[in-house]
Amino acid sequence: MTMFSYKATDQTGKEVSGEVFSPTKDELVAELEKSGLFLNSWKEITDLTSPEGAIALPSMKRPWAQILADAWKTRRRSGYTDYRQIRGHLNYKTLATITWQTSIGLKSGITLTEMLSTISRETPDEKIRFVYNFLFEKINAGHNFADALSYFPGIFSPIYVSLVRAGEAGGFLAMALEEAAAYLKKQDRLNKKIRSMLIYPVMLTVIASSILIFMVTYIMPVFLDLFTSLNAELPLVTRILLFLFWLFKKFILLWAALLVVFAYYSRKAYKALGSNRAVDSAVLRMPAIGPLMLKIALSRFLGTMSVLLKSGVNILEALAIGKAVAGNAALAREIESISTAVQAGKTLAEKMARSRFFPSMVTMMVANGEKSGNLSEALEKVSEYYVEEVDIAISDTLSMLEPLIVVFMGFFIALIATGLLIPIFELPGYVE
């Protein structure tokens, strides 16, 4: 059996290459043609074993173990065969870097197809390679860049696609991509700030819960054996603790199943409530948490509006996208009302002034921006202000949450310790 290294062309004209086993060159040609490939060049490699990464055509007769091994290698290397297989999204930092590189390339005189081809060739990430190769092929086939991006809504958000569409229509695609990269970096920073707010409370909760589980699992059984051997009246706290331990130990599988069910339905309820205007409105009224959530939503909305307007997107489309980006159903409803008013000929500031969601400072800045014709700059300034406000609000919220969590968990640990220590102190009386 001889191994051949080949280069061929598929039915779309795309060049492919690989390595296969075949008895002769003529049979290699026949097998390639059956797979829809037309041989361009070939090189004979005399070897009885398949090298790492060799691709064998499915129709060739080989041991089933070799077929499975080659299929796994091919799957690992090729990854995706259809754009609908792409799941998840790229993180903001990665996408911002690629977008910025594309913008720099366009400014340097490199064509868009060359940039996309370079990115798909040089990236080590399989998902990025497939996506950008797909974009390259679509643009080569005559599609617009924005239309090609729309095939991957999980990766390229509506604001990203709208920026590209406006840049293509206005002839400033490089600048539009630069704005998109800057926007992605801002969103990445905002998301990191939100995550940082949750890290410390989650860590405290996990540590305290671990201590409780350790005490219930390893400490309580020792005292349970001791106390049950004593025919004495135990304190109420101790009896309650022993009963709870018995319930935990007796029905541990049931509790685990209930926890899984609770987590599943809690997630479903969260998704359902995520688009509920009444719930989101109630969240915004909550002390401490409400003002923080409103500031986060406003910073997203105002920042999105600024970037879109600066890139030439019309105000109604910018409002529609900003409504989706805000992440709060109550605020989104208010933005929809503002959009209707603007469509009827009213100004943004006029409608915002009647809303409880937009502070007077925002309304004043928007009014000045509309009067001076620099609305995008005014929105950018007020967005930057709210990003700083989010920083301050996160710090304030953490300063309140940390002692509350410590006190709450400390209460339960102290309760368990008290329930165990009281009978120990009274142990001489039980023995008598």
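Descriptive notes on the structure:
- Burial ordering of I199, I424, I139, fewest other beta-carbon atoms within 10 Å first: I199, I424, I139
- Segment A141..D391, full-extension length gain: 85.4 nm, with 0.36 nm per residue of separation and the alpha-carbon distance subtracted.
- Order of M364, M220 under a 10 Å beta carbon neighbour criterion, fewest first: M364, M220
- Cα shape, region 84-186, gyration tensor, a/c 1.5 rule: rounded
- Around Q343: net Lys/Arg minus Asp/Glu count, Cβ-Cβ under 14 Å: 0
- Whole-Å distance, taken between Cα centres, linking region 169-201 and region 132-156: 21
- Hz values of 3J(HN,Hα) by residue in region 129-143 - Karplus curve (6.51, -1.76, 1.60), Gly and Pro given as x: 4, 5, 4, 6, 5, 5, 4, 4, 5, 5, 5, 4, 7, x, 7
- Counting only Cβ charges, +1 for Lys and Arg and -1 for Asp and Glu, the dipole size of region 189-432 around its Cα centre is about 920 debye.
- Taking amide H as placed 1.01 Å from N in the peptide plane, the amide H of T123 sits under 5 Å from none that are at least 5 places away or on another chain.
- Working note: Karplus 6.51/-1.76/1.60 with θ = phi - 60° gives region 196-202 the couplings 5, 5, 8, 4, 5, x, 5 Hz, where Gly and Pro are set to x.
- Near the amide H of G18, within less than 5 Å, lie the amide hydrogens of Y6, all on another chain or at least 5 residues away, with H placed in the peptide plane.
- Separation of alpha-carbon centers, region 331-404 and region 297-314, rounded to whole Å: 11
Just so you know, all these numbers are worked out from the coordinates, no wet-lab data involved. What you see is a predicted model; the values in this text were computed from it and never measured. Backbone-built Cβ (ideal geometry, glycine too); neighbour counts: all protein chains shown.
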